[in-house]
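Everything on this sheet refers to the single structure shown next.
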Amino acid sequence: RVAVAVSMRGRGISTAIINFASEHARALGHVSLRIDTHEGNVVMRRMLEKHGFELCGVIHLRNGDPRVAYEKLL
């Protein structure tokens with residue numbers, strides 16, 4: 001999960017989170033990061049696209065709820 005308090009937005013915290021996750025994944029030998037979010041979560045979707053994540057499509061959770069899926073190659 002990624003969450004930044006509204007009062008802390010605009011300070012580069014989401015960038016730091018994504019950079020940390022990317023570096024950690026690379027160190028473990030992973031070749032990509034995947035993340036999903038609600039279709040209406042425009043702030044998250046914009047942040048993901050800003051950080052090089054590409055839209056992959058829609059997935060469905062075990063309970064059937066849809067999520068928009070993204071992936072970033074490392």
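The values are calculated or read from the model by the stated rules, or taken from the named source; none is laboratory data. These numbers were taken from a predicted model, which means no experiment stands behind them. So basically every Cβ, Gly included, is an ideal-geometry build from the backbone, and we count neighbours across all protein chains shown. Just so you know, the surface numbers come from the protein's heavy atoms only, side chains and all, with ligands and any DNA or RNA stripped out. Shrake-Rupley method; radii C 1.70, N 1.55, O 1.52, S 1.80 Å.
Observations on the structure shown:
- The helix-based estimate of mean residue ellipticity at 222 nm for the chain, built from -39,500 (n - 2.57) per DSSP H run of four or more residues and divided by its residue count, is -10000 deg cm²/dmol to the nearest 500.
- Exposure rule at most 16 other beta-carbon atoms within 10 Å, DSSP loop trypsin sites (Lys or Arg not before Pro): the chain longest free segment: 12-61
- Our summary gives the chain a relative contact order of 31 percent, counting only alpha carbon pairs under 8 angstrom and 6 or more residues apart.
- Both radii were evaluated on the Cα set of the range 8-70; the Rg over Rh quotient, with Rh as the Kirkwood radius, amounts to 1.00.
- Share of carbon and sulfur in the accessible heavy-atom surface of the range 1-41 [1.4 Å probe, %]: 53
- Residues whose amide H falls under 5 Å from that of C56, counting only those 5 or more places apart or on a different chain, are A69, Y70, E71, with hydrogens built in the peptide plane.
- Restricting the range 1-51 to GluC sites (Glu not before Pro) that sit in a DSSP loop and have at most 16 other Cβ atoms within 10 Å of their own Cβ leaves E39.
- Comparing G64, G40, G29 in a Gaussian network model of the chain where C-alpha atoms under 10 Å apart are linked, the largest mean-square fluctuation is found at G64.
- Linear extension gain, F20 paired with E39, 0.36 nm per residue minus alpha-carbon span: 4.4 nm
- Estimated at 0.36 nm per residue, the fully extended path between R46 and L28 surpasses their Cα-Cα distance by 3.8 nm.
- Per residue accessible area of the chain, 1.4 Å probe, in Å²: 75
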